[in-house]
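The values are calculated or read from the model by the stated rules, or taken from the named source; none is laboratory data. Bear in mind the structure is a predicted one, so any value in this text is a computation, not a measurement. Note that we place each Cβ from the backbone using ideal geometry, even for glycine, and neighbour counts take in every protein chain shown. Heavy atoms of the whole protein, side chains included, go into the accessibility calculation; ligands, DNA and RNA do not. Shrake-Rupley method; radii C 1.70, N 1.55, O 1.52, S 1.80 Å.
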Amino acid sequence: MSPVEYAKHGTVAVLTVNNPPVNAMSPGVPKGVVRGVERANGDAGVAAVVLIGAGRGFIAGADIRYFSRPWPEGEETFKDIIAAFEASPKPVVAAIHGHALGGGLETAMACHYRVIAPAARVGQPEVKLGFPPGAGGTQRLPRLAGVAAALDMIVSGAPVKAREAADLGIVDATIEGDLLEGAVAFAAARGAEAGPHRRVRDIEIALDDRGVFDAKRKEIARRSRGMRAPYACIECVEAAVDLDFDAGVERERAIFEDCVESGESKALRHVFFAERAARKIPGVGKEVEPRAIAKAGVLGAGTMGGGIAMNFANAGIPVTVVERNREAIDRGMATIERNYAATVAKGRMSREAMDARMALIAPSTDYGDLADADMIIEAVFEEMAVKKEVFAALDRVAKPDAILTSNTSYLDIDEIADTIPNRRGHVLGTHFFSPANVMRLLEVVRTRTVSDVDLVTTMEVGRGMRKLPIVAGVCHGFIGNRMLEGYFGEAALMVEEGATPARIDTVMVDYGMAMGPLAVADLAGLDVGWRKRKDAAGGRNPPAERGSHVSTRLCEMGRFGQKTGRGYYIYEEGSRRPTPDPEVDRLAAEAAADLGLEPRAFGDDEIVERCMYPLVNIGADILAEGHALRASDIDLVYINGYGYPAWRGGPMHWAGAVGLDKVHDAVRRYRDALGFGHWRPSPLLKRLAEEGGTFEDFDRENAG
Ligand code: CAA
Ligand code: NAI
C-alpha cells in the first residue's frame, strides 16, 4: 500500500502523506507524491493539487535512518518530487499542520503555494544533524523570507511558529478552521486563476548588505567551535545570493553531501537517536503508565534544593520546600527569587510568569507540610547518617505511596531504601546537575526495589521539567561522576609531570569541552577532595600521593579555587576568568622533584588520551555491569551534564570513531606506564576491540 493516498475533493486532488509516526520521507513516499501529481495532471477534472500530512504533522523531513543506509535502487527521491511540482501546470498547495521540518519545508517551498494551521511550526533543523538543508532549502528560503531571516533559521536550526512564517512570507495564508477544507478552497480558487503560477525559484533575491554573512560567522564563532555545519549553512545561503538558482542548488547539494559523510554529522545523528532511545526502559512496556504528580516536596533549600524546587514550579507543580530553620528557608527562597528575577531582567520571562512560579513554591520548616506530597526529593547534606534521618522522618509523615527520591551524588540509595522497608518500592534517586534549574541532565537512579510505575513516573516528571532523564544504576557516582574520577585524576597527574594547567585546559577546550578539567576543579572547589583525603587520614594533613601533590599544597595555602580567588589559577575580584599563575608551576616543579619525575613536553594527543580514555574505559565497565542501559545513554550524560561537545557524539561514540582497538592499546600502554586503577582495561572494551566492534554494536546486540 502506498504511504500517499489520492482523493478528489471537487476540482482539487488531495495527496495525503500517511507515514507514521511523523511522515518522514521514507522510500515509497516520494514515489507516491510523484504518481499523485502525474495523476492529477492527467485528469481534466482536476484544477489544483493539495499536499497534506495525516496524523501529527505535515512532513518531518528526510528519513534520518537513510543517511546511514543505502536508498533503494531506482526509488524516487526528493529531487523527483520537486521536479514534479515545478513542472506541474496545475498549482500545488502545501497544507501544513504540526510541523514542516527539513525536507518537509523544502517540499512545501517547492509547491506554488503554502497554507498553514495556526499551531504549526516550520523550520530547517538540518544543522542539528551536522549538515545544511540538501533539497534546495538554502536557495528557496532566502527567496521567500529574505536573506537575513533565512540565514537565522538555517544556521540556528530553530523552527518558527505559523504567525512568524506568515509575517516572513514563507506561507501565503493561515487557515483558522479545518485545514483540509480551507486548503481545498484556497487551491480551488488558485486553480481557477490563469497560470502560470509563480515558482519560488523564479523570485529575485534582494540583498543590500553582504555584511550579514560575516556578521553571522562572528555571531556563531563561540558556540560553533570545532563545527563545520553552521558554516556550511552560511556558505549555501551565500551561494543563493551569488549564483543563479540551478547553480546554487548544485552547490548546496555538493556541500550537503560532503557534510553528511563527516564525523560531525554521524555524531549528531547518533545523538538524535540516542535521545529517543533513552526514553525506553527494557522490560518496562507502554502499559506501565506514569502516576499523576499533583503536589511535590523538596527537602533542603541549598544549592541544589532551590533549583529543584524551581524545576517543579516551572513544570507547573506546586511544591513545598522544607528547611531546618527559618533563617535557612528565608535564604533559600531569596536565592530562588533572585534567580527568577535575573531571568526576567534578561527578558526571558515575564514578571507575571515569575510571580506565578513563585506562588507555586511554599516555604516551610515543618516536615508535616509534606503530608500531601505525591513526590518528595531530598537534597540535604551529603552524609549517609543525615540522609537516613531524613528518610526516617519522611516515613513518619509522607503519604503511604509517595515517591521518595534522593539527590545524592555518591551515596548508596539501596542502603537508604532498606532503612524504610515498607516504602522500598517507592525510593529511588534523582541526581540533578548544578545549577539544577539550568542543566538538562537528570540521572534517574534505579534502586533494586523501586517499582516500574514509580520509575516511569519519575522519568515523566523529569521530562515535564524539560530535563533529559537517563536511567542509571546504583554505584559509586552513578554514570557521570563515576567516570570523572580518571578524567580529573589524569589532569592532576599531568600537572605534576610538567604540563601546565593552562596547557591541559587549552587542549581540552580545543577538543571541544566547555571548560578544561583544571578550571572545572577550581569551580567545584579543591577543598572537597582535600577534606575527603583528610578524613581518610584521620583528620591529619593527608599524605601526598601521586596526583594530589599540587592540589594538597594549594589547599594548605588556602587556595580552594574560584571561591577563594585562587586555585590552579588566579581569579581577579568578581571575575571567573582564570589567569595562569607561575606559583603553581613552581609547586608542580617541586612535586616533580619530590617524585623524581623529569619534566617533559606533552603532545596534544597525550593530553586528550589521558583525559578521555579513562572516561571511556570506566564507561565500558559501567555498561558491562548494567549500571547504564546503553552506551548512547552514557554519551547523553556527558553531553548534557558535563559540557562534552555534541558534535563528537559523546565519549563512547567518539571512542568508536577513533577505533576501539586503538583506545584499548593505549589503555594498556598507560596501565603499564602509570598503573592507576582507571587504566585497568575493561573486559568489555577488550572484547569489542578484538572483535573490531563499537559501543553502538554493543547497544544493538543488547536491544536484541
Ligand atoms: N526520520 C526518521 N525517523 C524520525 C524522524 C526522521 N526525520 N523524525 C522522527 N523520527 C522518529 C523518531 O526516531 C521516533 O522514533 P521511535 O518512536 O522509534 O523512537 C519517532 O519518529 C517519533 O519522534 P519523536 O519522539 O521525536 O516525536 P515528537 O512528536 O516528540 O517530535 C518531531 C516530532 C518534531 C518531528 C521530531 O521527531 C523531529 O524533530 N524530527 C526530526 C526533524 C528533522 O530533523 N528533519 C530534518 C531531516 S534531514 C532532511 O530533511 C535533509 C534534507 O534536507 C533532504
Ligand atoms: P547545600 O549545603 O547547599 O544544601 C543542603 C541544605 O540542606 C542546606 O541548606 C541545609 O540547611 C539543608 N538541610 C540539612 N539537613 C536538613 C534537614 N534535616 N532537613 C531539611 N533541610 C536540611 O548542599 P547541596 O550542594 O545543595 O547538596 C545537596 C545534595 O545534592 C547533596 O546530597 C549533594 O551531594 C547533592 N548534589 C550536589 C551537587 C552540587 O553541585 N552542589 C550536584 C548534584 C548533587
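Of all the listed residues (R276, R338, R326, R331), the sole one being open to solvent by 60 Å² or more (accessible area, probe 1.4 Å) and closer than 30 Å to R700 by Cα is R276. There is at least one residue in region 619-628 that is on the phi < 0 side of the Ramachandran plot and not in a helix (DSSP H, G or I). Quick check: anything in region 35-49 within 15 Å of ligand 1 (Cβ to nearest atom) and either at pLDDT 95 or above or touching a strand residue (DSSP E or B) at 6+ places or on another chain (Cβ under 8 Å) (or both)? No, there is no match, as no residue in region 35-49 is within 15 Å of ligand 1 (Cβ to nearest atom) and either at pLDDT 95 or above or touching a strand residue (DSSP E or B) at 6+ places or on another chain (Cβ under 8 Å) (or both). The C-beta contact set for region 403-416 (first residue in contact (Cβ under 8 Å) with a residue 40 or more places away in the chain, second residue polar (S, T, N, Q) and away from ligand 2 (no atom under 11 Å from the Cβ), distance under 6 angstrom, 6+ apart or interchain) comprises I413/T447; D414/T447. Starting from residues that are closer than 14 Å to V495 by Cα, in contact (Cβ under 8 Å) with a residue 40 or more places away in the chain and under 34 Å from the mean Cα position of the chain (by Cα), keep the ones in region 561-603 and report whichever is most open to solvent (accessible area, probe 1.4 Å). Here the residue is P580. Just wondering, is there one or more residues in region 156-177 that are within 16 Å of ligand 1 (Cβ to nearest atom), among the hydroxyl-bearing types (S, T, Y) and open to solvent by 20 Å² or more (accessible area, probe 1.4 Å)? Checking region 156-177: at least one residue is within 16 Å of ligand 1 (Cβ to nearest atom), among the hydroxyl-bearing types (S, T, Y) and open to solvent by 20 Å² or more (accessible area, probe 1.4 Å). For region 605-631, residues that are over 17 Å from Y670 (Cα atoms) and open to solvent by 10 Å² or more (accessible area, probe 1.4 Å) total 7. Put simply, of R269, R201 the only residue that is in contact (Cβ under 8 Å) with a residue 40 or more places away in the chain, under 30 Å from Y6 (Cβ atoms) and among the basic types (K, R) is R201. Only residues that are assigned to a helix (DSSP H, G or I), open to solvent by 60 Å² or more (accessible area, probe 1.4 Å) and more than 10 Å from ligand 2 (Cβ to nearest atom): list them for region 351-394, please. Those that are assigned to a helix (DSSP H, G or I), open to solvent by 60 Å² or more (accessible area, probe 1.4 Å) and more than 10 Å from ligand 2 (Cβ to nearest atom): R351, E352, D355, R357, A359, D369, A385, K388. Within region 287-322, being within 19 Å of A371 (Cβ to Cβ) and in contact with a Ser or Thr (Cβ under 6 Å, 6 or more places away or on another chain) holds for R291, G297, T320, V322.
Region 31-102 holds strands (runs of 3 or more DSSP E) entirely within its bounds, and those carrying 1 or more residues that are open to solvent by 30 Å² or more (accessible area, probe 1.4 Å) and closer than 25 Å to E164 by Cβ map to 99-101.
Let's see how each residue does on (1) touching a helix residue (DSSP H, G or I) at 6+ places or on another chain (Cβ under 7 Å); (2) touching a residue at least 24 places away in the same chain (Cβ under 8 Å); (3) over 15 Å from Y113 (Cα atoms):
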| residue | (1), (2), (3) |
| --- | --- |
| D178 | no, no, yes |
| R190 | no, yes, no |
| F213 | yes, yes, yes |
| K216 | yes, yes, yes |
| I220 | yes, yes, yes |
| E238 | yes, yes, yes |
| V241 | yes, yes, yes |
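Residue check: A294 meets all listed conditions (1) away from ligand 1 (no atom under 15 Å from the Cβ); (2) open to solvent by 40 Å² or more (accessible area, probe 1.4 Å); (3) in a helix (DSSP H, G or I) but one, namely (3).
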